[in-house]
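Chemist: To start, I am sharing the structure in question, which I have written as structure tokens.
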Amino acid sequence: MDKAKENLKKLLERISERTSHLAGYPCNSIFDYSEIFPFLKFPVNNIGDPYQSSNYQINSHELEREVISTFCDLTKADKENTWGYVTNGGTEGNLYGMYLARELYPSGIVYYSEETHYSATKIMRLLQIRSMMMRTLPNGEIDYDDLKETIRIHRDCPPLIFANIGTTMKGAVDNIEKIKKIMKDLSIKQFYIHADAALSGFILPFVSRPQPFDFSAGIDSISISGHKMIGSPIPCGIVLAKKGNVNRIARSVEYVGSLDTTLTGSRNGITPIFLWYALQKMGIDGMKEQIATCMETADYTIKELKKIGLKAWRNENSITVVFPRPGESVVKNWQLAVENENAHIITMPHITPKIIDYLIKDILSEGNLSDEKNNYNHG
Ligand SMILES: *Cc1c(COP(=O)(O)O)cnc(C)c1O
């Protein structure tokens with residue numbers, strides 16, 4: 001038992017220390033859910049559809065429905081005709097969205113960009129949907145000309161668009177209006193648009209001029225991660241989809257006395273409580289304020305990186321600051337996400353200007369800032 005205690009202590013120390021150096025992955029580490037700890041004594045399980053009663057009653061469905069309702073507001077969804085649930089994270093929401101799309105249009109082809117999150121290709125394989133990868137523009141948005149030409153060639157198959165609402169590496173937002181115009185220009189009536197809004201789905205609702213990304217812009221479903229911008233000790237997310245589409249594939253199961261609408265059977269009943277609590281505590285004004293602060297820190301980061309001669313930039317309404325990949329020790333110590341010649345810092349709520357100063361000091365002392373690296377950086 002002493003050994004076990006020792007191991008737990010070591011793990012806690014490591015996790016705590018590493019959380020203080022989290023600059024590249026978008027997991028907000030500022031939260032206090034201690035009021036919810038008493039719920040951890042119970043076998044809470046949200047099995048089944050959050051809108052149906054279930055034989056298993058130790059659940060938090062009522063709070064889950066409130067969370068979904070708030071996200072309907074944030075994404076301008078028509079509540080009467082929208083359904084959703086709290087997922088394990090962004091990936092499950094994307095899998096759900098593409099599953100719906102495939103069930104509706106079995107002969108469809110998925111179009112996604114080369115900067116799409118790595119989980120998308122796995123999802124297409126799991127679902128065995130035909131898919132085509134599009135080029136991207138230098139800022140990370142899908143190449144609309146490539147998209148239009150490819151859809152034109154395959155116009156007999158309904159396009160299923162996997163749209164990036166904030167790419168992982170550059171925070172780029174695929175323009176839903178331009179995508180819809182392509183459908184119009186090609187006279188395509190049957191298509192589906194899923195929005196992968198893992199991080200930006202909780203940023204764009206709070207900025208003054210968001211890119212079109214939500215149900216009012218014409219999406220059919222959206223997936224947002226809960227542990228990213230909102231923050232949670234347990235990964236989670238939200239998926240929303242049009243009720244009419246969901247009902248076409250719903251199935252009732254006697255064993256749980258509910259509709260089998262969700263991807264998994266047993267579902268986390270604690271994370272909906274976390275999300276509900278966070279939304280209650282922050283309120284819309286609090287969320288707006290938090291996002292504004294993150295934007296300011298992003299601008300500060302760009303300014304300071306430029307001061308030391310690095311070409312740093314960000315997309316509009318994104319808190320992902322892209323800059324030339326520094327040396328490995330900085331990447332490792334600060335848990336920076338890197339891809340080829342680029343690295344990024346995501347100025348989540350726990351990243352303060354002071355932390356940026358420390359990080360930049362580390363970059364300088366590593367002295368790995370060759371001109372060559374700078375030249376490769378797009379932007
Ligand atoms: C993080 C991320 C995902 C995956 O979300 P998880 O919550 O980690 O499953 C999907 N798409 C994008 C763009 C992401 O940034």
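The values are calculated or read from the model by the stated rules, or taken from the named source; none is laboratory data. Note that the coordinates shown come from a computational prediction; the quantities given were computed from them, not determined experimentally. Quick reminder, even Gly has a Cβ in these numbers, built from the backbone with ideal geometry, and neighbours come from all protein chains shown. Surface accessibility is based on the protein's heavy atoms, side chains included, excluding ligands, DNA and RNA. Shrake-Rupley method; radii C 1.70, N 1.55, O 1.52, S 1.80 Å.
Chemist: Somewhere in the stretch 195-205, is a residue surrounded by fewer than 24 Cβ atoms within 10 Å (Cβ to Cβ), on the phi < 0 side of the Ramachandran plot, in contact (Cβ under 8 Å) with a residue 24 or more places away in the chain and away from the ligand (no atom under 16 Å from the Cβ)?
Modeler: yes
Chemist: While we're on this one: Return only the number of the condition from (1) polar (S, T, N, Q); (2) closer than 16 Å to G89 by Cβ; (3) touching a strand residue (DSSP E or B) at 6+ places or on another chain (Cβ under 8 Å); (4) open to solvent by 10 Å² or more (accessible area, probe 1.4 Å) that S232 does not satisfy.
Modeler: Every condition holds for S232 apart from (3).
Chemist: Quick one: count up the residues across the stretch 69-121 that are of a type in the set (S, T, N, Q), within 18 Å of S225 (Cβ to Cβ) and open to solvent by 10 Å² or more (accessible area, probe 1.4 Å).
Modeler: 4
Chemist: Moving to a separate point now. Just to be sure, is K288 open to solvent by 80 Å² or more (accessible area, probe 1.4 Å), under 19 Å from the mean Cα position of the chain (by Cα) and more than 24 Å from T91 (Cβ to Cβ)?
Modeler: yes
Chemist: Go through the stretch 302-350 and tell me which strands (runs of 3 or more DSSP E), entirely inside it, have 2 or more residues that are within 17 Å of the chain's Cα centre (by Cα).
Modeler: Of the strands (runs of 3 or more DSSP E) lying wholly inside the stretch 302-350, those with at least 2 residues that are within 17 Å of the chain's Cα centre (by Cα) span 320-324, 342-346.
Quick grid of which residues meet (1) in a strand (DSSP E or B); (2) among the hydrophobic types (A, V, I, L, M, F, W, C):
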| site | (1), (2) |
| --- | --- |
| K189 | no, no |
| F213 | no, yes |
| S216 | no, no |
| S223 | yes, no |
| N247 | no, no |
| T261 | no, no |
| T264 | no, no |
| I273 | no, yes |
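Chemist: Here's another thing I want to ask about it. Looking at E92, E64, E115, which one is touching a residue at least 24 places away in the same chain (Cβ under 8 Å), charged (D, E, K, R) and either away from the ligand (no atom under 16 Å from the Cβ) or touching a helix residue (DSSP H, G or I) at 6+ places or on another chain (Cβ under 7 Å) (or both)?
Modeler: Answer to the check: E64.
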